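Enquirer: Sharing a structure with you now.
The values are calculated or read from the model by the stated rules, or taken from the named source; none is laboratory data. Since we're looking at a predicted model, the values are computed, not measured. Quick reminder, even Gly has a Cβ in these numbers, built from the backbone with ideal geometry, and neighbours come from all protein chains shown.
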Ligand SMILES: Nc1ncnc2c1ncn2[C@@H]1O[C@H](COP(=O)(O)OP(=O)(O)O)[C@@H](O)[C@H]1O
Ligand SMILES: [Mg+2]
């Protein structure tokens, strides 16, 4: 079985400062992985790398069986198979919820129908299902700039599901959601991993929710993997150590 993600000794520096250090990792189809770690740990950087947007990194990385390049973006057909849920949502404000979710289908279309906005029946089916799954059907015709933060976050998730990707990368996808919606959305994206056999990696600041929904937890700190365990094996010592242990970057140390 080809790994959805394979990283071998990947490192990255921003202006001489290490942001990712010697990461090695393999994720299989059907697996959902939560990325935990304090702010500045390197979660967003790692997700950008996997999305093919980071430049100048070192090591070997492949996504969906394609070798990533540190100098250029992946081909369009590979990008179409990767769904990314951005921390800042990246919606088009003047478009409706329905149109924003339909934008998730653009990468699947040949250029000319996409230019003319000629979506097919399958596109409308995918959008309708994604809106239902995220509880947005009633808001389909509302403009994106008239939505609350949590509703915008759900539109971003619906757009990603409508894309029908082979890999979902999500940067704090439930940070703006109330507990009920957070559970629903994590259930949806990790359920997609199982039912569609795709890979899912999401970053989060919620260890308990992550343990409940993800198959596996990766603890990242100062750009290094502190632990990589099945969810059921992650202890509160693991997560406490992640957030409260000694930090090389800040010199902070919790003594108890
Ligand atoms: N575009 C950038 N330019 C310079 N430094 C950056 C940039 N993006 C992130 N960093 C730095 O890289 C480290 C990891 O950041 P990030 O991946 O955003 O962490 P997280 O998502 O875990 O909060 C931090 O020290 C951050 O300041
Ligand atoms: Mg981040």
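Enquirer: Residue 144 - would you say it is away from ligand 2 (no atom under 16 Å from the Cβ), modelled with pLDDT of 85 or more and touching a strand residue (DSSP E or B) at 6+ places or on another chain (Cβ under 8 Å)?
Expert: When the stated conditions are applied, residue 144 passes them.
Enquirer: Sort through 34, 48 and tell me the only one that's free of Cβ contacts under 8 Å to residues at least 40 places away in the same chain and either part of a helix (DSSP H, G or I) or closer than 21 Å to residue 215 by Cβ (or both).
Expert: 48
A quick yes/no check of all residues on (1) away from ligand 2 (no atom under 16 Å from the Cβ); (2) under 24 Å from residue 29 (Cα atoms); (3) modelled with pLDDT of 90 or more:
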position: 52; (1), (2), (3): yes, yes, yes
position: 90; (1), (2), (3): no, no, no
position: 97; (1), (2), (3): yes, no, yes
position: 103; (1), (2), (3): yes, no, yes
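Enquirer: Go over the candidates 136, 131, 167 one by one and state the one that is over 30 Å from residue 27 (Cα atoms) and touching a residue at least 24 places away in the same chain (Cβ under 8 Å).
Expert: Testing whether each residue is over 30 Å from residue 27 (Cα atoms) and touching a residue at least 24 places away in the same chain (Cβ under 8 Å) leaves just 136.
Enquirer: Out of 67, 87, report the one residue that is away from ligand 1 (no atom under 14 Å from the Cβ) and either more than 22 Å from residue 238 (Cα to Cα) or surrounded by 20 or more Cβ atoms within 10 Å (Cβ to Cβ) (or both).
Expert: 67
Enquirer: Say whether the condition of being in the same structural domain as residue 224 (by TED's automatic domain parsing), within 16 Å of ligand 2 (Cβ to nearest atom), farther than 20 Å from residue 73 by Cβ and out of contact with any helix residue (DSSP H, G or I) (no Cβ under 7 Å at 6 or more places or on another chain) is met by at least one residue in the stretch 2-17.
Expert: Yes, the conditions are met somewhere in the stretch 2-17.
Enquirer: On to the next question. Could you please let me know if residue 29 is more than 16 Å from ligand 1 (Cβ to nearest atom), in contact with a strand residue (DSSP E or B) (Cβ under 8 Å, 6 or more places away or on another chain) and assigned to a loop (DSSP other than H, G, I, E, B)?
Expert: Spelling it out, residue 29 is indeed more than 16 Å from ligand 1 (Cβ to nearest atom), in contact with a strand residue (DSSP E or B) (Cβ under 8 Å, 6 or more places away or on another chain) and assigned to a loop (DSSP other than H, G, I, E, B).
Enquirer: Give the number of residues within the stretch 38-53 that are more than 6 Å from ligand 1 (Cβ to nearest atom) and either under 18 Å from residue 4 (Cβ atoms) or surrounded by fewer than 18 Cβ atoms within 10 Å (Cβ to Cβ) (or both).
Expert: Here the count works out to 8.
Enquirer: Moving on. For the stretch 93-175, which fully contained helices (runs of 4 or more DSSP H) count at least 2 residues that are farther than 29 Å from residue 63 by Cα and over 19 Å from the mean Cα position of the chain (by Cα)?
Expert: Correct list: 97-102, 121-133.
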